[in-house]
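This report refers to the structure that appears directly beneath it.
We did not get these values from a lab; they are worked out from the coordinates using the rules stated. In this text, all values refer to a predicted model and were calculated from it rather than measured experimentally. So basically every Cβ, Gly included, is an ideal-geometry build from the backbone, and we count neighbours across all protein chains shown.
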Amino acid sequence: MMEACVRSARDAGVFKDFNVMTDRPIPGCECYDSHKVEKSFGLFKLIYLKSAISKLNYDYFIWIDADSIFVNNPGSPLVAMRSSPIHAPLNEKLSMTPELLLEDGLTCKQLSALMQHHGLTNPAYSSTSAFWIIHHDAIDTVYDLALEFFHKAKSEGSILQISSILGYAMQMLCGNPEAHRRRRNPDLWATDFHNVAPNSIEDDQQWRYRDMFCSDEQFINPGIIHVPRRKSLPVPEQANSHPGQLEARAVDG
Amino acid sequence: MDQFNIPYCLLKDLPQKLEGLALAICEEHFFSSRTAWEVKQRGLKLVWSNEMMWEFADEKAAVKEGIIDKVLFVSEFQARAFERLYNSVPAEIVGNYISPAAFSFIDRRHKTFTVGRLSRSDTVKFPEDFPVFYEELGLSDVKFRVMAWDDKLRKKYRWHKFGDEWDLLPQNKESALKFLQSLDLFIYPLGHTFKESWGRSVVEGMLTGCIPLVPAGHQFHNSIIHGETGFICNDFEEYRGFSQRLYRDFRYRNQISRQASEYARNSLCNEDLHREVWLRALTT
């Protein structure tokens, strides 16, 4: 999958460095041994962030899940950060769907209460971990905030997933959460929850985004699309299939 | 001390036997240095005021051993935080007194609208997003001033590029009066693990006419009448809304500024009221 993602980026004219944690080489990328990392709850993303990505010599890192494709050049993703040290696209306010059950097993209302109990003063938003941008010097802060929230929630009986704990860290650091909503940056990134987005650069056009719960709709044309519902991505014929699940893209400052 | 004609000496120079009362305020090492025990051994009654929201080292041991005869709190909020520890010790809420003469009011006519804060240079007093928070307020042509900035804060926010609009001053670079008079708004978001027991610099700022915008969930409802002498904000949107209105509407800002100062002078820092409270606290 990662290979298809990188290939689509090159086809879209994106020539920034791709740094990939992988168990086998991928053409056109800087590859690092992914080792065996605990995958539960998605915490491996934070572990890689702290132990591997932080060692790389870049000012900013963009995390892109392997099941993503580029359909056009998203321009400068750093604009979405504003002056925040992290940008993880925020979805809806959790208060919009209080009884909805999240992947953590909590309702939106419960997750919101948990975040606020642990210091979030703004209304809480749902978020993603499939795409995010972080400043190199904020890695320790994000890691500490996220893990601290994870462990505190765990001690109170809730096992949270990466999207919730990363979302917490993001919302503690971003100043103005409303400015970091996904719909504020419709040209940058989106998840195709309903498998309706274009397949490739040849098919690049606006599509009707609907969130997982169909509570948010917007016509968009983002450069990067997270496609978790596609069973396969177009992989170049000469390459072996690649099971890598994560990718870190780094851009210089 | 000289200024107020108060005699003083080192602890070792105090006579071994004394009568009367010892008042100790917010001395972090008062218990861990065993000073509290030495004071008691001399026969003095001990009145103690911590002023913070956390126990100092060995404070609990002193309470258990009956060293403290009376405890003073700066607010109900602080008293609640210590109610379990001090449930068997006589207590009084005395607030905090600031001399209005030391923080004179000025009409604000700054060339550049100025937002800032003054506090101890403790990283927990600053929210994780501090510089972003100020910059996201959406105020154009603004200056941000912070005093008591140090290496620990510089390290905490090393990911942020502070532009020319920022003026980050080390502790005591200016007098508190001069600094507070330079601010239009005292915007005071706090760290998520920190609880403010009183907020001295907020009231000092109010005396000078600096308008406070502070977070809910502390004790500021005792020092600020929301919408009249300042603003207690529940979230970022409220900070932004109030600060933008104050930025745009000079007459409104001027009115709130005067009201804040008058309220601080007449109610929060009323000398006669404070004298009465302190006499009661130290004589009963």
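Here are a few things to note about the model shown:
- C-alpha long axis of helix A:2-11 to longest principal axis of chain A, angle in °: 70 degrees
- Partner lysines for B:Lys178 [C-alpha distance under 24 Å; skip if fewer than 8 residues away on the same chain]: B:Lys111, B:Lys125, B:Lys143
- Stretch in chain A that is longest and holds no chymotrypsin sites (Phe, Trp or Tyr not before Pro) that DSSP places in a loop and that have at most 15 other beta carbons within 10 Å: A:16-212
- The stretch B:1-155: relative contact order in percent, alpha carbon pairs under 8 Å with at least 6 residues between: 15 percent
- Structure remark: mean-square fluctuation, Gaussian network model of chain A, C-alpha springs under 10 Å; the largest value among A:Lys36, A:Lys16, A:Lys152 belongs to A:Lys36.
- Sparsely packed loop sites in the stretch B:178-284 (the GluC sites (Glu not before Pro) outside DSSP H, G, I, E and B with at most 15 other Cβ atoms within 10 Å) comprise B:Glu228.
- Stokes-Einstein D (µm²/s) once Rh is taken as the Kirkwood radius of the stretch B:38-118 over alpha-carbon pairs, at 20 °C in 1.002 mPa s: 138 µm²/s
- GNM top mover of B:Leu46, B:Leu11, B:Leu168 - chain B, alpha-carbon springs below 10 Å: B:Leu11
- Cβ crowding within 10 Å, taken as a proxy for footprinting-reagent exposure, orders A:Ile224, A:Ile162, B:Ile98 from fewest neighbours to most as B:Ile98, A:Ile162, A:Ile224.
- Look at the alpha carbon pairs under 8 Å that are at least 6 residues apart: their mean separation over the length of the stretch B:72-222 gives a relative contact order of 31 percent.
- Volume per residue of the convex hull around the Cα atoms, evaluated for the protein assembly as shown, comes out as 178 Å³.
- Chain B: relative contact order as a whole-number percent, Cα under 8 Å and 6+ apart: 16 percent
- Net charge of neighbours whose Cβ lies under 14 Å from the Cβ of A:Pro177, counting Lys and Arg as +1 and Asp and Glu as -1: -1
- DSSP beta bridges in the protein assembly as shown [antiparallel fraction, %, rounded to 5]: 40 percent
- Distant alpha-carbon pairs in the stretch B:103-242 (separation over 27 angstrom), percent: 12 percent
- At most 10 other Cβ within 10 Å, DSSP loop - chymotrypsin sites (Phe, Trp or Tyr not before Pro), the stretch B:1-84: B:Tyr8
- Contour minus Cα-Cα distance for B:Ser33 and B:Glu174 (0.36 nm per residue): 47.5 nm
- Its residue count N fixes a reference of 2.2 N^0.38 Å for the stretch A:103-237, and the Cα radius of gyration divided by that reference is 1.16.
- Distance from the stretch A:82-140 to the stretch A:204-221 (C-alpha centre basis), Å: 20 Å
- Helical mean residue ellipticity (222 nm; -39500 (n - 2.57) per DSSP H run of 4+; nearest 500) of the protein assembly as shown: -7500 deg cm²/dmol
- C-alpha center-to-center spacing [the stretch A:7-59, the stretch B:63-104] in angstrom: 55 Å
- Listed residues B:Pro215, B:Pro100, B:Pro15, most fluctuating in chain B (Gaussian network, C-alpha, under 10 Å): B:Pro15
- Across peptide B:120-132, the mean count of Cβ atoms from other chains lying within 10 Å of each residue's own Cβ comes to 4.
- Within straight-line cross-link reach of A:Lys154, lysines at Cα separation under 25 Å, skipping those fewer than 8 residues along the same chain: A:Lys36, A:Lys39, A:Lys45, A:Lys50, A:Lys93, A:Lys109, B:Lys195
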